[in-house]
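K.L.:
Provided herewith is a single structure, encoded as structure tokens, for subsequent inquiry.
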Amino acid sequence: MLVKTYCAAVNGLEVTTVMIEVSLNRGVMYHLTGLGDEAVREGKDRIAAAMQYSGFRFPVADITVNLAPADLRKEGSSFDLPLAIAILAANGSIESEHLKEYMIVGELSLDGKLQPVKGALPIAIRARKEHFKGLIVPLQNVKEAAVVNNLDVYGMESMTDVIQFLTEQKSFEPTVIDTRKEFYEHQYQYDLDFADVRGQENVKRALEVAAAGSHNIILIGPPGSGKSMMAKRLPSILPPLTLAESLETTQIHSIAGKLGKDTSLIAQRPFRAPHHTISEVALVGGGTSPMPGEISLAHNGILYCDELPEFDRHTLEVLRQPLEDRKITISRAKYSIEYPCSFQFVASMNPCPCGYYGDPTHHCVCTPGQIQRYMSKISGPLMDRIDLQIEVTPVPFKEISKAEQGEPSAIIRERVIKARNIQEERFKTYKGVHSNAQMTERMIHKFAEPDEAGITLLRTAMERLNLSARAYNRILKVARTVADLAGSEQVKPEHLAEAISYRNLDRGDWAERRG
């Protein structure tokens, strides 16, 4: 007897409907075709044990299984459940009347319980697109998949539940999620707030500018100056995710298996902070079965690299193209996978090997040459992609004790949102451009060209501060953002002056200056 069930194969963000065909004839052999990987092939043993614990017997027959389309590679254990159901239906143990109406995914434990799978959300989106009546998933994945409307999603605990549902022995209700309620309830629940930061007003201002224009930023300062503390609070002043951004971000985390059990939609912008020992593959994605890396998990959010010079130089260099293209393509011999990675790059570092260059309370023992070598661990092309370079000095105890509570993140966020709205309106005719940081050179000349006084100021700064040529466009981009925060259509000299103050590392005498 020939029976068909339906499931899905996830390759990157692409999901393909897979039809499982099972044919039983006289014999004792088990044949699996259709490019299933080791996890799919091992599924036979899990299925046999699960059937036994569920009160069924694995058929003694010649079983031929085909995973169509046969030329598409299938990976993972999510094929266990639909394959087990197909084998039971082909053997006549259960009725197969309703199998064509449902897409089924799930990994089987040896006792018949269902284990969660990766990619439940994109699979649910595919099931709706293919007009299936419903989707059957493990209970742990149900909140994630039920985000998709116009699709009945059933969360099951065991293979027995699935069989009883398909044979109508027992009724189950589909899980219903109020997507918008779930999303908007958690948008502003931040544990960290800029109100906790005392002093450091210039650094907080720089972070506000970075958030308003989606600019990459690096913080340079001695240990204990508050670099990490402030960087971790940056998400609290970013504009909230839109529903479309949330759905895209959640899909990536779903594919990577990073969603929590009770998570339906990611409501806050991601903040990823990989350790400096991270490998290239873990950072940008890849592996035998290419999975999203940290840069894709930071999509629509922040990638934070603390102690930047401690990262392997080659690992940092792979960031250069994704920072420009905002996507990463992982190529293999027979296929390639593309993941989005539109993230804001935030980094922090000590100014020298001993860490105390510029610290008023500690003596730096490093020579200018040692400082220069330490800084040169970060290549020019990578530094070229960082718009704001901010020196952070420790706040003395006297000032900390006297300083009032800082401005709350909610108030800063309102200014940032207002500036972002101006940019959205400005770039509405430019596809893929949403913020000042994404401006091309032609757009800079159109939207950020200063007046005569501003050009004179910029020329003087370039000459006196020995600024590098690559700083020119970066200064104009940042100045455009400063002007947006001020509600000014024209980039004025005061906006340029502030932008110039954010280019500390471009000064030719940086390593020779002593704080």
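K.L.:
To the nearest 20 debye, what charge dipole does the stretch 1-71 have about its Cα centre, counting +1 at the Cβ of each Lys and Arg and -1 at the Cβ of each Asp and Glu?
P.N.:
360
K.L.:
Run through the stretch 168-274 and list the GluC sites (Glu not before Pro) located in a DSSP loop whose Cβ has at most 10 other Cβ atoms within 10 Å.
P.N.:
For GluC sites (Glu not before Pro) across the stretch 168-274 that sit outside H, G, I, E and B with at most 10 neighbouring Cβ atoms in 10 Å, the list reads Glu168.
K.L.:
Taking a probe of 1.4 Å, how large is the accessible area per residue of the chain, in Å²?
P.N.:
I get 45 Å² per residue for this part.
K.L.:
Quote to one decimal, in nm, the extra length available between Glu101 and Ala282 on full extension: 0.36 nm per residue of separation minus the C-alpha distance between them. Intermediate values should be presented prior to the final figure.
P.N.:
Working: separation 181, 0.36 × 181 = 65.16 nm, distance 3.86 nm.
Stretched fully, the Glu101-Ala282 segment lengthens by 61.3 nm.
K.L.:
Still on this model: If you place +1 on the Cβ of every Lys and Arg, -1 on the Cβ of every Asp and Glu, and leave all else neutral, what size is the dipole of the stretch 317-455 about its Cα centre, to the nearest 20 Debye?
P.N.:
640
K.L.:
Pairing rule first: another cysteine's C-beta must sit under 4.7 Å. Under that rule, which cysteines of the chain stay single?
P.N.:
Unpaired cysteines in the chain: Cys7, Cys305, Cys341, Cys354, Cys364.
K.L.:
Given the options Leu88, His186, Ile252, identify the residue whose Cα lies farthest towards the positive end of the charge dipole of the chain (+1 on Cβ of Lys, Arg; -1 on Cβ of Asp, Glu).
P.N.:
Sorting the options by dipole projection puts first Ile252.
K.L.:
Hey, rough spin-label estimate for Thr16 and Met1, points 7 angstrom out along Cα→Cβ, what's it come to in nanometres?
P.N.:
About 3.0 nm separates the two model spin labels.
K.L.:
I would also like to ask the following. Residue separation times 0.36 nm, minus the C-alpha to C-alpha distance between Arg459 and Asp312: what's the value?
P.N.:
49.3 nm
K.L.:
Something else: May I ask you to derive the relative contact order of the stretch 1-126, considering only C-alpha pairs under 8 Å and at least 6 residues apart, and to give it as an integer percent?
P.N.:
With pairs under 8 Å counted, the relative contact order is 35 percent.
K.L.:
Next question. Could you work out how far apart the two model spin labels at Glu489 and Thr361 are, taking each label as a point 7 Å from the Cα in the direction of the beta carbon, and quote it in nm?
P.N.:
It works out to 4.9 nm between the two label points.
K.L.:
Considering Cα pairs under 8 angstrom that are at least six residues apart, work out the relative contact order of the chain and quote it in whole percent. Intermediate values should be presented prior to the final figure.
P.N.:
Values: 1006 pairs, mean separation 67.1, N = 515.
Here the relative contact order equals 13 percent.
K.L.:
Per-residue counts of other Cβ atoms within 10 Å, averaged by peptide: what ranking do you get for 86-99, 287-300, 470-483, 269-282, highest first? Don't jump to the answer; show the numbers that get you there.
P.N.:
Working: 86-99: 19.3, 287-300: 21.9, 470-483: 24.2, 269-282: 16.5.
Per-residue Cβ counts within 10 Å, averaged per peptide and sorted highest first, yield 470-483, 287-300, 86-99, 269-282.
K.L.:
Ignoring everything except DSSP H segments at least 4 long, calculate the 222 nm mean residue ellipticity for the chain; use -39,500 (n - 2.57) per segment, divide by total residues, nearest 500.
P.N.:
One gets -10000 deg cm²/dmol as the mean residue ellipticity at 222 nm.
K.L.:
Right, another one. Compute the FRET efficiency between Gln370 and Arg470 as 1/(1 + (r/R0)^6), taking r as their Cβ-Cβ distance and R0 = 35 Å, and round to the nearest 0.05.
P.N.:
After rounding, the FRET efficiency stands at 0.90.
K.L.:
Oh, and also: With all protein chains present, how much of the accessible area of the stretch 36-178 (probe radius 1.4 Å) comes from carbon and sulfur, to the nearest whole percent?
P.N.:
C and S fraction of accessible area: 43 percent.
K.L.:
Here's another thing I want to ask about it. Compute the separation of the alpha-carbon centres of the stretch 258-316 and the stretch 173-187 and state it in Å as a whole number.
P.N.:
One Cα centre to the other: 26 Å.
K.L.:
Under a Cβ-only charge scheme (Lys and Arg +1, Asp and Glu -1), can you give me the dipole magnitude of the stretch 420-488 about the Cα centre, in debye to the nearest 20? It would help to have the intermediate numbers written out before the result.
P.N.:
On the way: 12 positive and 8 negative charges, 58 e Å.
Computed charge dipole of the stretch 420-488: roughly 280 debye.
K.L.:
For helix 120-129, report the angle its Cα long axis makes with the longest principal axis of the Cα atoms of the chain; keep it between 0 and 90° and round to the nearest 10°.
P.N.:
The angle comes out near 70 degrees.
K.L.:
What's the Cα-based Rg to Rh of the stretch 35-102, Rh via Kirkwood? Each step should come with its number before you reach the end.
P.N.:
Values: Rg = 12.2 Å, Rh = 12.8 Å.
Ratio value, two decimals: 0.96.
K.L.:
Still on this structure, please answer the following. Hey, with R₀ at 30 Å, roughly what FRET efficiency would Glu42 and His131 work out to, going by the Cβ-Cβ distance, to 0.05?
P.N.:
So, using R0 = 30 Å, E works out to roughly 0.40.
K.L.:
From the phi angles alone, apply the Karplus equation (6.51, -1.76, 1.60; θ = phi - 60°) to the stretch 429-437 and give each ³J(HN,Hα) in whole Hz, x where the residue is Gly or Pro.
P.N.:
8, 9, 5, x, 10, 10, 9, 4, 5
K.L.:
If you don't mind, another one. Under a plain spin-label model, where a point goes 7 Å from the Cα along Cα-to-Cβ, how far apart in nm are Ile417 and Leu110?
P.N.:
5.4
K.L.:
Hey, can you grab everything whose amide H is under 5 Å from the amide H of Lys74? Only 5+ residues off in sequence or another chain; H modelled, so Pro and N-termini drop out.
P.N.:
It is Gly36, Asp37, by chain and number.
K.L.:
Something else: Grab the Cα-Cα distance for Glu168 and His434, subtract it from 0.36 nm times how many residues apart they are, and report the gain in nm with one decimal.
P.N.:
Value of the extension gain: 90.7 nm.
K.L.:
Probe 1.4 Å, all protein chains in place: accessible area of Val15 in Å², nearest 10?
P.N.:
Rounded to the nearest 10, the figure is 20 Å².
K.L.:
Let me ask something else about it. How large, in percent, is the carbon and sulfur part of the accessible surface of the stretch 299-451 at a probe radius of 1.4 Å?
P.N.:
Carbon with sulfur: 51 percent of the solvent-accessible area.
The values are calculated or read from the model by the stated rules, or taken from the named source; none is laboratory data. Everything numeric here is computed off the predicted structure, so don't read it as measured data. Positions of Cβ are backbone-derived with ideal geometry, glycine not excepted, and every protein chain shown enters the neighbour counts. Accessible surface is based on the protein model in full, side chains and every heavy atom, while ligands, DNA and RNA are left aside. Shrake-Rupley method; radii C 1.70, N 1.55, O 1.52, S 1.80 Å.
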